[in-house]
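J.: Pasting a structure here, questions to come.
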Amino acid sequence: FTMEPGLTVSAVRSRRVLCSDGVRPALILIKDGKIQSILPDPDSALKDVGDKLVMPGIVDCHVHVNEPGRTSWEGYWTATRAAAAGGVTTIVDMPLNSIPPTTTVGNFREKIQSATGQCFVDTAFWGGVIPGNQLELRPMIQAGVAGFKCFMIHSGVDEFPHVSDSDLHSAMQQLQGTGSVLLVTYYSTFLKSRPDLMELEAIRIITQLCMQYQVRCHIVHLSSAQPLEIIRAARQAGAPLTVETTHHYLSLSAERVPTGATLFKCCPPIRSMANQEQLWAALRAGDVDMVVSDHSPCTPDLKRLDVGDFTQAWGGISSLQLGRPPF
């Protein structure tokens, strides 16, 4: 719901409040902008919202906004409004797809300037690790980036080149002791050309570096269930490792993607129904730490709907507003 301008709310009442034990009537007590308690039997409240759903704001830490440089794909004005409409109150913007990418302090300041005055929700920013920018990492941490993302093969945009093993070692050395986090991914095109094995081997390399340097590492948009055993073993051995998957890997399956339907193309690719069930089981077991959108929009022509060619189409799904299930 939207609060009236100037209204100070100390209590919110609804017949539908999303709690840890499900959706139920409740009274939420608020102090200094923070929830203090949730009472099971509401009697009276300053603000009664009736049947409107009251729930914690969603944090989506994997969003491609693309401004500046590719604002026609998505800018802050539209992305953050979509986020708010979908119950997302915080986004963290990825460092690539914008021009320039967030790989230097100067580029980071340009990114912040582009976002200023346009954000309807809280917005944070990832920095990027690319070949040769290791001396920019600590200054970017001091400037306020949430952490860093790198690609192990081509990122899909030339402005954000992928890193080699030596680049990863250089980055890890700079990040040691900072408390920052390195997000690691690889880029794929379509299912048969990018099998599970590629994801498996990339994650194997990262878990080894994570253990060696004890730098926090985060595996982004896990699509394959095969690396889960490696992830579990690394965690048990003490690796500071976390992992995410996305809405589309949990809700879409390769068997149900129509021929030529390039709207379904994303990177990594959507995999089998059997794989999807394993991802759900891993999420329920706590082996997957979070679910994000990996919102990656583009202009319609880049999806090549006219020819339905998965090899030419942009790989990304726009789902920032659609991640919250209906209640």
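J.: Just to confirm my understanding: which cysteines in the chain have no other cysteine beta carbon less than 4.7 Å from their beta carbon?
T.: Among the cysteines of the chain, those whose Cβ sits 4.7 Å or more from every other are Cys19, Cys61, Cys119, Cys150, Cys266, Cys267, Cys298.
J.: With the cut-off at 1.5 for a/c, could you classify region 11-54 from its C-alpha gyration tensor as rounded, prolate or oblate?
T.: Numbers: a/c = 1.64, a/b = 1.21, b/c = 1.35.
Note, shape of region 11-54 comes out oblate.
J.: Under 5 Å between amide hydrogens, which residues at least 5 positions from Arg70 or on another chain qualify, with H placed 1.01 Å from N in the peptide plane?
T.: Ile99
J.: A further question follows. To make sure I understand the rule: partners must be lysines, Cα under 16 Å from the Cα of Lys303, and not fewer than 8 residues away in the same chain. Which ones qualify?
T.: Straight-line reach from Lys303, under 16 Å: Lys265.
J.: Related question: Relative contact order for region 58-303 using alpha-carbon pairs under 8 Å, separation at least 6, rounded to a whole percent? Could the numbers behind the result be given before it?
T.: Values: 471 pairs, mean separation 41.7, N = 246.
Once normalised by length, the contact order is 17 percent.
J.: For the chain, give the share of DSSP beta bridges that are antiparallel, in percent and rounded to the nearest 5; count only bridges with both residues there.
T.: Values: 12 of 42 bridges.
That works out to approximately 30 percent antiparallel.
J.: Under the rule of -39500 (n - 2.57) per DSSP H run of 4 or more residues, summed and divided by the residues of the chain, what mean residue ellipticity at 222 nm is obtained, to the nearest 500 deg cm²/dmol? Walk me through the numbers on the way to the answer.
T.: Details: 8 runs with 84 residues, N = 327.
Counting only the DSSP helices, I get -7500 deg cm²/dmol.
FYI, it's all coordinate maths here, none of it is from the lab. If you're wondering where the values come from, they're calculated on a predicted model, not measured in any experiment. Don't worry about glycine lacking a Cβ; one is built from the backbone with ideal geometry, like all the others, and counts go over all protein chains shown.
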